[in-house]
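Bear in mind that the values in this text are calculations on the coordinates, not laboratory data. None of the values given here were measured: they were computed from a predicted structure. Cβ: placed from backbone, ideal geometry, glycine included. Neighbour counts: every protein chain shown.
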Amino acid sequence: MHSLAEKIQQQDMRALARAISLIENDDPEKLDLMSDIFSIQKKAHHIGITGSPGAGKSSLINRLLTYLRGKGLTVAVIAVDPTSPFSGGSLLGDRTRMNQHFLDPGIFIRSMATRGSLGGLARATKDAIRVCDAYGFDIILVETVGVGQSELDVMKVVDTTGLVLTPNSGDVLQIFKAGIMEIADLFIINKADLPGVVRLKATLEEYMMIAQPKGWSPLIVKTISTENKGMEELWKGIEQHKSYLFETRQGEERRLKQLELEVYELIREEIWRDVERRVQSDQSKVEQLRDPEADPYQLAREWYGVWKGDS
Ligand SMILES: Nc1nc2c(ncn2[C@@H]2O[C@H](COP(=O)(O)OP(=O)(O)OP(=O)(O)O)[C@@H](O)[C@H]2O)c(=O)[nH]1
Ligand SMILES: [Mg+2]
């Protein structure tokens, strides 16, 4: 077994942090490490918290953390930061908010950024979640800004997704257009101290009437993170969804579907690595392109044919 995997199993937090860096940097050892990590996963409940910038995701997670620690549960938080090329951007902001948790051994907080990761941020985040799972956290919370495909991909790997919305922000339409409504298992109306809550709730109910989700019908919960209100209701909603996943075996189906997609993703990553290696080892090919008649479509087929032939 990879030495880091062994240490993680023994709940060595520094090893956990090192493993995540290795994933972010797309280290050659990554696949071996992840393969070992996979065998020691413990199946924590993975909860995604997404929503527009400034909706209060970090504040909410901070309160939820305190609530869950009060119940004796251990929690890992992964904040996905698509905007910053260095991890640290959102962490700096979150650190001030989550400061009180830094010395608690039952808590791990980490922000993720792309750096060079081949499979992108979503791929790296999935692996990081898995490493936290192997460490033995009861709950893994993932914060993403709900803006793009990469975040949607991340949300597909969690068990329960909470979409944070705020009254009067007018972001519902945008979120709806981006296809983010569909991934929500819970609608969290945060900043419920502000006016417009009733209207937002009605909009969500209307949306559900039209969308008519099959099976699970997303719950609506209200929170005021700044006043630490609504955490119990939020947690109950999450637990209710967890039971639903278990009883209907949908959780298992979701995981299976995800694993299948992951295998394809990893194959794609391998192929891409292979392409990069071949391109770098044969710069002479550029010369062929100087020919004014050079046809990239034809050349792509030719070159690829040669590669396939020798592998
Ligand atoms: N009035 C009110 N303000 C809140 C509430 N929750 C959070 N805020 C404020 O909203 C602002 C943004 O909160 P964050 O927790 O940083 O939001 P976020 O969604 O994590 O933001 P990004 O990570 O930048 O996308 C902060 O000034 C919070 O104090 C709430 O329930 N009521
Ligand atoms: Mg945040």
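Compute the signed sum of charges (Lys and Arg +1, Asp and Glu -1) over the other residues within less than 13 Å, Cβ to Cβ, of residue 238. Spell out each step's value before the answer.
Details: positive: 71, 236, 242; negative: 138, 159, 185, 232, 233, 239.
Here the charged neighbours net out to -3.
If eta is 1.306 mPa s and T is 10 °C, what Stokes-Einstein diffusion coefficient results for the stretch 130-283, Kirkwood Rh from Cα pairs, in µm²/s?
On the way: Rh = 17.8 Å.
It diffuses with D of about 89 µm²/s by this estimate.
For residue 250, the shell of other residues with beta-carbons less than 12 Å away shows a net charge of +1, using +1 for Lys and Arg and -1 for Asp and Glu.
Please list the three semi-axes, largest first and in whole Å, of the ellipsoid equivalent to the stretch 263-310, using sqrt of 5 times the eigenvalues of its alpha carbon gyration tensor. Don't skip to the answer; put the middle values down first.
Working: eigenvalues 112, 28, 18 Å².
For the stretch 263-310, the ellipsoid semi-axes come out as 24, 12, 9 Å.
Between 70, 136, 251, the residue with the greatest mean-square fluctuation in the GNM of the chain (Cα pairs under 10 Å linked by springs) is 70.
In the chain, taking the dipole from charged Cβ atoms about the Cα centre, the farthest positive-side position among 55, 194, 306 is held by 194.
Only lysines eight or more places from residue 236 in sequence, or on another chain, were considered; those with a Cα closer than 24 Å are 42, 43, 57, 71, 156, 191, 201, 214, 222.
Overall form of the chain: prolate. Here a/c, set by the Cα gyration tensor axes a ≥ b ≥ c, is 1.5 or more, and a/b is the larger of a/b and b/c.
Of all beta bridges that DSSP places with both ends in the chain, some 5 percent have antiparallel geometry. Ordering of 182-194, 233-245, 210-222 by packing is 182-194, 233-245, 210-222, highest average first (other Cβ atoms within 10 Å, averaged per residue).
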